[in-house]
Structures are given as structure tokens and as C-alpha cells.
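Student: Structure in C-alpha cells, see below.
Throughout, read-outs are computed from the coordinates displayed, never taken from laboratory work. Quick caveat, the model's predicted, so the values are computed rather than measured. Counting neighbours? That spans all protein chains shown, and the Cβs are built from the backbone with ideal geometry, glycine included.
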Amino acid sequence: MSKGSFCQSISGFISDSSGEKIPFANVYLKNTKIGISSDNNGFYELKNIPKGNYILIVSVVGFQSKSIKININNNQKLTQNIVLSEADSLDEIVISGTLKPVSKLESPVPVEIYSNTFFKKNPTPSVFESLQNVNGIRPQLNCNVCNTGDIHINGLEGPYTFVLIDGMPIVSGLSTVYGLTGIPQSLIERVEIVKGPASTLYGSEAVGGIINIITKKPGNSPKLTTDSFASSWGEINTDIGLRYKISKKTEALLGVNYFNFQQRIDNNNDNFTDLTLQNRISVFNKINFDRKSNKLFTIAGRFVYEDRWGGELDWQREFRGSNIKYGESIYTKRWETFGTYELPTLENISFQFSANGHYQDSFYGKSSYDASQFIAFGQLVYNKQLGEKNNLLVGLAYRYTFYDDNTFATLDENGISNAPSKIHLPGIFLQDEIKLNNQNTLLLGTRWDYNSVHGNIFSPRINYKWNSKEQTDVLRVSIGNGFRVANIFTEDHAALTGAREVVFEGELKPETSWNANVNYVKKINTENSFITLDASAFYTYFDNRILPDYETDSNKIIYANLDGFSVSKGVSLNADVLFTNGLSINLGATLMDVSFTENNIKTRQLLTESFSGVWSISYRFSNNFSIDYTGNLYGPMRLPLLGEKDVRPEFSPWYSIQNIQLSKKFGDNWELYGGIKNLLNFTPPANSINGANNPFDIGVDTEKNPELAFDPSYVYASNQGIRGFVGLRFTLF
């Protein structure tokens, strides 16, 4: 009898304890290939099931998984409605902390999880903007003109944040500034965040933390998803996700993202665009191969093209690179590929690989910056359970980085011939997770890398986890080492604008750091609510830190290793509250002190807030109607000034960006949503771009009068004010 002739099926609805239906839950029969995701109304149906006994498993992020024994007889169409227990966030599966799938409860490394549902509460055209409502994370704009930026974790700048896609290092180096845009959000299953150094597993760039973007699996994805929205400013964003079969044993997931903004808006009347004009397309494809051994083999690729510019309102393409009108024009082409192949062995051995190329053709006023970068990465990982107490992880890694540009950074020692940077970085890491007993776990890890330019790199770490017998309390303590080789022109946009002369004082040495982190999680369940409290204290000490010096000479940016030390320390608290009546509340706050000490003088770091808060309040009505209110609050930041006569304030004000969204689902397939962003219409001062009326400093002696110089680096928030948006989602299962 062929598979298609089986008449047996199982169907039903998946809901929470309040009766609210749960969409996109994974439903499958254990040890079979029969599975599906529930639709928008929580309905599922498994068809063509052979007669027999099975275990039905249901899982979804934010709920406890459930297993049910099922007996299927001939021609039986079984109805099985399933109720899941909510908000046991400690049982979510994470991989970022230990490189292997474990429950969040069991992980000795604190990992924060944010599902695609979280990001839908405030829809944005890029991952960069999506992270603005995550506690302790701030997307930082680095230029008032081209609006590029990076992501700060606990006050540490973007180059200290390691961004991965499906666990592979994709966004780094040259793409630190531009690589976070164009990832199709319709394909994102969740985002895992580890705050604090993860260098033992991920190498030298993971000093401040990691952001791991986990994409959906083709087998668990809808056949088709579309998500399009437009704003009153004229922004248009479209995401398309398509699941398709290449063959009987090969499934694929195609994602396309297109973003367009072409309105020249100048609400602050400085004759410069308030928001960079952009035209971007990104294509993502992920392929899963079904192997007889049931071993994993997946490969994915992405291509991104972006044309962005900002500048004087009457700038035209023919002015590119001239001093007629000031504009910052950036053409970016980028490709990526990555994947995982589990070897056909009895032991658990996998090969993970990635490669990416990034090409940039840009002008910042008259200053040309052409750059290319190629990174290849591969690692072999062996996971072995030794007895009942020890889980061993061993890895061999190799990374090759090629970088070339048209600046003096890639000239030879004589400063005459071009000498692209070529860095080889082989390494080995070892991790032992020791289960002392049911309540205590110890994680010991170490990594050795050899940098072909800087030599040996040693990165140890130790993690300890305790949990109560009831598993309602979890305490984690970690100590780790970080190491980073800086590349100024790929990481710091201010070095490119031409507004200041770039000066290197001495040969830049690698940065080193030590970090300690204490994390405590408390879970409280009441009759009508589920509460999770998550508190952390962190401390990071830097040697040889490289900080841009804007203040010694207002006409220069001076880069040098700090003759002293730098410290980032603070505390944070998250509170997640889920009520059975459909109300959910997420609140977070971080208090921190980031400073550097040189010649016994302590100075607060530029562009770093001492306090930040975030919130997300949602209510879901019984008629598939919901409301989301999200926002953040930032304390004052110290800003770069052009000398004592600069009239701009030295500190930013307290400010808040708040958003509201209404959404309504229609049947199984459609969802309409809309709302208002930046409800308070907050924007920075109109004179944030200094010397906007004379961007080429014509007729101005900036040595004598630095306060008259053109300077777009005084930036802490977007110039984009209040705006409405409306969008439509369609899902075909």
C-alpha cells in the first residue's frame, strides 16, 4: 500500500490554559517524518498516518512541550485538542551558550531568547532596529548623514558584539556597519543573546557578547508568508518567505526582503536629509537534505545589494565625490554562505562552515572609501557524553580574513605599495560540562588561537549554575577572557567622513579583557499569572583598549591604545509577566557605568547612557484583535564636541521612543496591522550636524576656530520623528 493511500489522520486545536489558540506550534509524531506547524488559529492536521502506536509531541517557544500517546486504527480520523502550559521560559531550547541544544534551564550560560512574535510587536525593516526593545541593547547611529550604526551591549560598542546567523560568524569586520540590514524577518525563528564574552567558543570578536539569529527550518515553515508595510514617511518594506521542494529528500526555504525609501525630508531645516535614502534587496535561501542516517545537512546563502545616500537636499548623483554639494553615497554588495554537515559516524561529529564577501564603493563628501573583504570559516565539533556527569565538547577551527581598501591602512611599511591584510587564525577549543548533581553544574572551557599577525591568543572561561529542587530559582556565575584585534576603518564610521583627520599613535596592540557576570532567575506562578524575574550584575575590565579621541584635537580623531584601563560595570533586571486573561508585560532596566582611566583620571565614555529602560505591553482580545505598546527610555550620554566654544550641549537629554500597534487576524491566513511610531515625536536638536551650511569648511580656519568645522558625529538618536504605518501579512500553510 502506498503512503498516499492511508486514510488515518489526527487533527485539533492547540491552545493555552485560557483557551487562546497558539499559532505556529510544532506538531509531529516521534521517530517519524510526519509533522506540521499549527496555523494562525492554532489548528493542525496530520494526514496519511499508517496504523499503529505513536507519541504525539507538541512544542513552541514560550510553552512547555507536551507528549501524548496515540493509537491509530484503520480509517480513523482522530480529534486531539491540546492545551499547553504557558510561560515556562526556562524550558526553551538554546544553543548559543554551549554550541549544543540544551534547555534554557539546563544551560550554565545565561541566554536570552526573543521569538519572531516579540519583534512583530514593533515591526521594523531590519534586525538592527528590531533590537531597540531588548534590555541592555541599544542600536547606536554613528552618523547624522548616512545613518549607519552598530549594536551596543551593556555599553560596549558594536565591534565587541559578534553577530551570527544559525551559529555561523557572518556579520563582522567591514560588515559590522552594514551587514545587519536585509535579513528577511519572515525567516527568523528566534534571536538568542548572550551578554558578556563568549570567546572560548566563538573566538576573539565575541568580547561584549553574541547575537545569534536562528532562521526557520524548511520543514516547520509555512508554504508561503508575505509581510508588507509602509509608513507615512514613504518607507516601503516587503518580506516574502517561500517553502518549496527540490526533490523528495530536499526541502528549501526562500526569503526575499526589499526596502525602499526615496523621500528627501528635512524637518529640522538644516538642509540635510533627516533619513538616509535607501534602496535595498536581499535574497536568502536555505536547503535541508533528508539523509538516511537522519543526520543533519543544511546549507544556506544570502545576497544583499544596497544603494544608500544622505546629504544636502539638492545633492545629485553627478556630485558624487565632488565638493559642489555634500553627500555620503554608499554602494554595497554582499554575499554569504554557511551550513552544517553531521558526519555519518556513530559519534556526534559535525562540520560547520561559512564564507562571505563584502564589497563597498563609497564617497563621504570628497573622501573616497573603496573596500573589499573576504572571510572563510570552518570548524569541526565533537560532542561526547562521558558517563553520567561529563559532557565533552572539542572543536578545531580555522578562519581566514582578507581585507583591502584605498586608505593608508593597507599600505606597506614604506607607505607606498598596496598591502592587503591577510590574517590566518587556526584554533582549538575544549569544553567540559560537569553535572555535579541535579542542582549544580560546572562548565570549564578554554580556547587557543594563533593569529598570524599577533601570535598566540588564550581564552579561558568558567561557568557555574545552581538551581533549586523545584527549578523555580536559577543562579549562574561566569568568569571569562576576551581578546580582539581592531580594524579602525571597517568598524568606526567617523574615521571615514573626512570631517576630521585620522591619526594613529603608535602600532595598535590587541585589546584584552576579563569579565565577570552573575545572573539570577526567579519564576513565580500564581493562580492567574506567570512571572519570571531575571537579574544580572556584570563587570568587564579592559587592557589596551582602543578608543577614538575626539577631544585632544577637535580637528582630529586620534586612535591609540589606552595608557590605563577601561571598565564597564552595571546591573540589569528583566520582568516577564503573562496573565491568563491575555495581558502580557515585559519590563527591563539597565544601570551601568562605562569609563576609562588614564593618568589616574576617570572619564565617562562617549555616547554611552548610564540608564536605559525598555517595555512591551500587549493585550490579546478574544476576537483575534490585539494591541501592543512598546518603548524605551535612555539617560543622558556624553557627546563629542568641537572644543570649548561648541554651542551644542555636552550631554544628551533624557529621551524616550514609544510606539503603539493594533493588529487584527482574519481567518487562518490574513493579518492586518498598523500604528504609530515615535509617539512623542522626539528628535535630536536641529544643530546636531555642526557646520551644515558649510560642509567642506570653505574659507574657515578650523585650526583656530574648530567650533566652525563641519561635524556629523554628534549623534545619539534618529532624526526620524512621529509617523504612522500600516501593514498586511499573509500566511499559507
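Student: Can you compute the label reach from Leu508? Point 7 Å from Cα along the Cβ direction, backbone N cut-off under 19 Å, restricted to the stretch 694-719.
Tutor: 713, by backbone N distance to the label point.
Student: Which ³J(HN,Hα) values, rounded to whole Hz and listed in residue order, are derived for the stretch 715-721 from phi using the Karplus coefficients 6.51, -1.76 and 1.60 in 6.51 cos²θ - 1.76 cosθ + 1.60 with θ = phi - 60°, glycine and proline given as x?
Tutor: 8, 9, 8, 6, 7, 7, x
Student: Can I ask one more? Report the Cα-based extents of the stretch 257-319 along its three principal axes, largest first, to the nearest Å.
Tutor: Extents along the principal axes, in whole Å: 64, 25, 12.
Student: Also: Gain in length, Asn599 to Lys51, computed as 0.36 nm per residue apart minus the alpha-carbon separation, to one decimal in nm?
Tutor: On the way: separation 548, 0.36 × 548 = 197.28 nm, distance 7.83 nm.
189.4 nm is the gain from fully extending Asn599 to Lys51.
Student: For a Förster distance of 41 Å, can you work out the FRET efficiency between the beta-carbons of Phe43 and Trp448, rounded to the nearest 0.05? Could the numbers behind the result be given before it?
Tutor: Numbers: r = 52 Å, r/R0 = 1.28.
Taking R0 as 41 Å, the efficiency between Phe43 and Trp448 is 0.20.
Student: Label Ile434 and Ile531 with points 7 Å out from Cα along Cα→Cβ: what is the distance between them in nm?
Tutor: 3.7 nm
Student: Okay, moving on. Which of the peptides 145-156, 364-375 is most tightly packed, and how do the rest follow, going by the mean number of other Cβ atoms within 10 Å of each residue? Please list the in-between numbers first.
Tutor: On the way: 145-156: 24.8, 364-375: 18.9.
Result, highest mean Cβ count within 10 Å first: 145-156, 364-375.
Student: Using R₀ = 22 Å, calculate the FRET efficiency as 1/(1 + (r/R₀)^6) where r is the Cβ-Cβ separation of Ser67 and Ile246; round to 0.05. Could the numbers behind the result be given before it?
Tutor: Working: r = 32 Å, r/R0 = 1.45.
Once rounded, the FRET efficiency stands at 0.10.
Student: Provide, as a two-decimal number, the C-alpha radius of gyration of the stretch 3-86 over 2.2 N^0.38 Å, N being how many residues it has. Please list the in-between numbers first.
Tutor: Numbers: Rg = 12.4 Å, N = 84, 2.2 N^0.38 = 11.8 Å.
Dividing the Cα radius of gyration by 2.2 N^0.38 Å gives 1.04.
Student: Can you tell me the dipole magnitude for the chain around its Cα centre, using point charges on the Cβ only (Lys, Arg +1; Asp, Glu -1), in Debye to the nearest 20?
Tutor: Working: 67 positive and 74 negative charges, 771 e Å.
Dipole size: approximately 3700 debye.
Student: Right, another one. Please work out how much length the chain gains when fully extended from Tyr331 to Ser417, using 0.36 nm per residue of separation minus the C-alpha to C-alpha distance, in nm with one decimal. Could the numbers behind the result be given before it?
Tutor: Details: separation 86, 0.36 × 86 = 30.96 nm, distance 2.57 nm.
Length difference between fully extended and current span is 28.4 nm.
Student: Suppose we take every Cα in the chain and form the convex hull; what volume per residue is that in Å³? Kindly include the intermediate steps, with their values, before the conclusion.
Tutor: On the way: hull volume 116.6 nm³, N = 733.
Given the Cα convex hull of the chain, per-residue volume reads 159 Å³.
Student: Suppose R0 equals 41 Å; then what is the FRET efficiency for Lys223 and Lys645 from their Cβ-Cβ distance, rounded to the nearest 0.05?
Tutor: Values: r = 63 Å, r/R0 = 1.54.
Computed FRET efficiency for Lys223 and Lys645: 0.05.
Student: Let me ask something else. Report, for the chain, the % of DSSP beta bridges that are antiparallel, rounded to 5. Each step should come with its number before you reach the end.
Tutor: Working: 309 of 324 bridges.
Roughly 95 percent of the beta bridges in the chain run antiparallel, per DSSP.
Student: Highest first, please rank the peptides 186-194, 633-641 by the mean number of other Cβ atoms sitting within 10 Å of their residues.
Tutor: Details: 186-194: 22.2, 633-641: 19.0.
Highest-to-lowest ranking by the protection proxy: 186-194, 633-641.
Student: Starting from the Cα-Cα distance between Asn323 and Gln471, subtract it from 0.36 nm times their residue separation and give me the gain in nm to one decimal. Let's see the in-between values first.
Tutor: On the way: separation 148, 0.36 × 148 = 53.28 nm, distance 6.50 nm.
Here the segment from Asn323 to Gln471 would lengthen by 46.8 nm.
Student: Output the peptides 312-323, 609-620 sorted from most to least packed, where packing is the average of other Cβ atoms within 10 Å over each peptide's residues.
Tutor: Details: 312-323: 14.3, 609-620: 18.8.
Ranking, from highest mean packing down: 609-620, 312-323.
Student: Between Lys384 and Asn31, what is the spin-label point distance in nm, taking each point 7 Å from the Cα along the Cα→C-beta axis?
Tutor: Taking the two extended label points, one gets 2.8 nm.
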